[in-house]
Structure formats: C-alpha cells, structure tokens
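The values are calculated or read from the model by the stated rules, or taken from the named source; none is laboratory data. Treat the numbers as computed from the prediction; the structure is a model and nothing was measured. So basically every Cβ, Gly included, is an ideal-geometry build from the backbone, and we count neighbours across all protein chains shown. Protein only, heavy atoms only, side chains kept; ligands, DNA and RNA dropped before computing areas. Shrake-Rupley method; radii C 1.70, N 1.55, O 1.52, S 1.80 Å.
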Amino acid sequence: MKNRFETERLLLRPWEEGDAESLYEYAQDPAVGPIAGWPPHKSVQESLDVIRNVLNGPESYAVCLKEDGKAIGAIELKLKGHTDLTERDDECELGYWLGKPFWGRGLMLEAARELLRHAFEDCGMKKVWCGCYDGNAKSARVQEKCGFAYQRTDKDVDVPLMHEKRTAHVSCLTKELYQKQFIAYCGLDCAQCDARIATVNNDDELRVKVSKEWSELNGVDITSDMIHCVGCRIEGVKTPYCQSLCPIRQCTRDKGFKICSDCDDMDRCEKVGAIIGNNALALDNLKGY
C-alpha cells in the first residue's frame, strides 16, 4: 500500500481514477501545464489516462485539501530511471504543480516540505534534485523556501511534450542542508521540538501536552491553538513566542544574520549565552553551522 501524508491543511495520497474530473478541472488551464512542460489537458479521458500512465509512480501523490479530499495538484519524488537529473538510488527529483485557484497560499510549499521530510527521513535519500524552466518564478520560489541550492543552468533543453527547446535551471538539496534548516538562531534543534512535531504531524494530543508543559514552565497561559510552528528559521507559521517575543530571534533578524554564530558578539551575548551555557549540543550546532 502506498503512503499517505497529512500536513496542517493538506492530504497527500495516491491518485485514484475517480480524481480524473478534478485533475481535468485544473490541468486544462493553460497557466498550469505549459510552464511546467506539458500541454493543457483536453478532456476528462485524457486526465484519466494520465492518472493511469503518468501519475502512477511509487512516490506520486495527489495534493488534496483536507477539508474535502479533492485533488488540486500533484507532487512526486521521481526515482532512479524516471528522472534525467540523477542515476543514483539514494537521490531523486522533486516535481510538483498546483491548480491556479490555490496559488499564493503557501500550499505547495507545505506539500513540498512534507515530501522532502519523507525523502530524507523515510526513504534514506542523500540528495533531492529539482528543476524549473526559465520564467517559472513560482516554482523557483518554492525551491528557494525549501532550502534548495542553485547548481546550474542548461540551455536548449528538449521539452518533448511542448515540441520546443527551453532554458532550464537546476537546484538540489542535500540531507546536510535539509537538516541545517532546523537549527534555530540560538543553536537548538527545531526538528526535536514537540511544537514542530505536533505541527508537522497535525497531532492535537501533542499540542495539548506541549501547551500544558509550556504553561507550567513559563507561568503563563499557553493554549493548544498556539502550538503551531514549522521551525524558528523556516518561513511559515510560528508560535506567538517565536514569532514576536523571542529576543534571540529578533536580535539575529534585526542584524541580518542567518544564525547567532554569524555575530562577532556571540561569546559575549547574555541572551544566547543562557542557551548555549546549558546546552552543549546547541553550542556545537552553532560552531558547526
């Protein structure tokens, strides 16, 4: 049985033949397919054929809103033999598209982050590649927000479904870079934070547990609906403390640094000193960043 994944707003699940009508609804839009290298769908039957013959890979998923389960886009890890970007078993390519009515809401970023987590943590990938054609700024922005690093630009690339040649930009994300994204400004590892774990897994029971623990620890009333955070340095939802009250995050961002170790005053800073003085791993993370 293929995997299914849930994020805060989305369900990523295997494509079903019953998705043909919703696939056609969004894939017929000329603003969607051509920029990604494929022509608009012309009929529900064509969409059904695509589900049967194209969107049938072992790591191919329909992107669905949790509220109704309707497919609104596609995302896939293209494994060895199904991508031109790598020939290694421990590398793959990330591909995705989203229906136009859902652009600008951060949904594809949410889906991509979950599938990247799956790639590195579940599938044992060491590197994930991603590409986009010249002019596809939205795709490039998703890659940038996910932490991909630019690798090269290829000119005169064949786009067989569109019967033309284009310029393509290629980027990649290594497991090391992926893991570094979760190091907070102060050096703590957000990947181990229960607030992030509850957010990624949409675990309401863990949110309640965290809110009670944090309320007792800080002597203030913290409710479970405040426990939403994707990571200190990752663009997206934050807990109220991380978003507006954390002095370390505010100081580092005000100075334009990526992390506290970028600052020459780190060793004399009382704010971050309160963290690294009691957490050797946080200090190691800052030194090794």
Subset of segment 247-289, residues within 24 Å of the chain's Cα centre (by Cα), closer than 17 Å to Asp189 by Cα and either assigned to a loop (DSSP other than H, G, I, E, B) or among the basic types (Lys, Arg) (or both), comes to Arg249, Lys258, Ile259, Gly288, Tyr289
Tell me, please, whether a residue that is open to solvent by 40 Å² or more (accessible area, probe 1.4 Å) and more than 14 Å from the chain's Cα centre (by Cα) can be found in segment 142-150.
-> yes
When only residues in segment 225-241 that are without any contact (Cβ under 8 Å) to a residue 40 or more places away in the chain and out of contact with any Pro (no Cβ under 6 Å at 6 or more places or on another chain) count, which is surrounded by the fewest Cβ atoms within 10 Å (Cβ to Cβ)?
-> Asp225
Only residues that are open to solvent by less than 40 Å² (accessible area, probe 1.4 Å) and either touching an Asp or Glu at 6+ places or on another chain (Cβ under 9 Å) or modelled with pLDDT under 95 (or both): list them for segment 44-56, please.
-> Ser47, Leu48, Ile51, Leu55
Restricting attention to segment 99-144, the residues that are touching a residue at least 60 places away in the same chain (Cβ under 8 Å) and on the phi > 0 side of the Ramachandran plot number exactly 2
Selected residue (only one of Glu67, Glu121, Glu87, Glu93 is of a type outside the set (Ser, Thr, Tyr) and surrounded by 15 or more Cβ atoms within 10 Å (Cβ to Cβ)) = Glu93
Report yes if Glu8 is farther than 25 Å from Cys123 by Cα and either under 26 Å from the mean Cα position of the chain (by Cα) or open to solvent by 40 Å² or more (accessible area, probe 1.4 Å) (or both), otherwise no.
-> no
Just one of Tyr61, Tyr24 is farther than 20 Å from Pro160 by Cα, in a helix (DSSP H, G or I) and open to solvent by less than 70 Å² (accessible area, probe 1.4 Å); which is it?
-> Tyr24
What is the number of the single condition among (1) under 21 Å from Val32 (Cβ atoms); (2) modelled with pLDDT of 95 or more that Glu110 does not meet?
-> (2)
The condition from (1) over 25 Å from Lys145 (Cβ atoms); (2) in contact (Cβ under 8 Å) with a residue 40 or more places away in the chain that Asn202 misses is numbered (1)
Boolean, Gly135 is among the small types (Gly, Ala, Ser) and either closer than 22 Å to Arg152 by Cα or touching a His at 6+ places or on another chain (Cβ under 6 Å) (or both) | yes
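Residue-by-condition table, conditions (1) open to solvent by less than 30 Å² (accessible area, probe 1.4 Å); (2) among the small types (Gly, Ala, Ser); (3) at pLDDT 95 or above:
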{"residue": "Met125", "(1), (2), (3)": "yes, no, yes"}
{"residue": "Tyr133", "(1), (2), (3)": "no, no, yes"}
{"residue": "Ala140", "(1), (2), (3)": "no, yes, yes"}
{"residue": "Cys172", "(1), (2), (3)": "yes, no, yes"}
{"residue": "Cys190", "(1), (2), (3)": "yes, no, no"}
